[in-house]
Amino acid sequence: MRRTLRSGYELDDDPDRLDLDRIVDYLAGESYWAKGRSRGVIEASLRGSTRVIGLYHDSVQVGLARVITDGATQAYLADVYVLGAHRGRGLGKELVAEAVDRGPHAGLKWLLHTADAHDLYRRYGFGTPSDRLMERPERRPGRRSPQP
């Protein structure tokens, strides 16, 4: 998948396009959830993910969303970020929508851990969070999902 957005932005899930240096800089250096994570662990997490979606501006990586799944029942959304200089343009919404609503795992139950951005994730069906966990019920046609 490669999708052009407005103002020189695009989403792409080609793993060969990822900029590991920029990803490590943000995750290990700036994020609250992965601060101090080693380059090796970050690289392994990217390789072990089912899908990694990069957000690019004029071909420079400025964001990321990572999907981990068993492919049949549930998926986990991880390491979602947009660099500060690019926030406020709806790009986080585009990343999350591509991962959970437009991707091949859209019908699965989704989980994520977050201490912020709850309103963003609620837009995509994630329920009221516990301390840090949010869940979106399965959305397969013909199946009834449990009520939150």
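The values are calculated or read from the model by the stated rules, or taken from the named source; none is laboratory data. On a predicted model such as this, the values are computed, not experimentally measured, just so you know. In this analysis, Cβ positions are derived from the backbone assuming ideal geometry, glycine residues included, and neighbour counts consider all displayed protein chains.
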Subject >> Residue under evaluation Ser49, criteria (1) more than 17 Å from Leu108 (Cβ to Cβ); (2) surrounded by 18 or more Cβ atoms within 10 Å (Cβ to Cβ), criterion not met >> reply: (1)
**OP:** Would you check if there is a residue in region 39-59 being in contact (Cβ under 8 Å) with a residue 60 or more places away in the chain and touching a strand residue (DSSP E or B) at 6+ places or on another chain (Cβ under 8 Å)?
**Re:** no
Original post:
Which residues, counting only those in region 34-82, are closer than 13 Å to Leu11 by Cα and among the acidic types (Asp, Glu)?
Top reply: Asp58
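Matching residues to (1) modelled with pLDDT of 95 or more; (2) in contact with a Leu (Cβ under 7 Å, 6 or more places away or on another chain); (3) of a type in the set (D, E, K, R):
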residue	(1), (2), (3)
Ala65	yes, yes, no
Pro104	no, no, no
His118	no, no, no
Asp131	no, no, yes
Original post:
How many residues are more than 21 Å from Thr73 (Cα to Cα) and either outside any loop (DSSP other than H, G, I, E, B) or basic (Lys, Arg) (or both) when one looks only at region 102-122?
Top reply: 3
**OP:** Take region 5-24 and flag every residue that is within 17 Å of the chain's Cα centre (by Cα) and either modelled with pLDDT under 95 or of a type in the set (D, E, K, R) (or both).
**Re:** Glu10, Asp12, Asp13, Asp14, Arg17, Asp19, Arg22
**OP:** Answer yes or no as to whether Arg89 is surrounded by fewer than 20 Cβ atoms within 10 Å (Cβ to Cβ), modelled with pLDDT of 95 or more and over 19 Å from Ala28 (Cβ atoms).
**Re:** yes
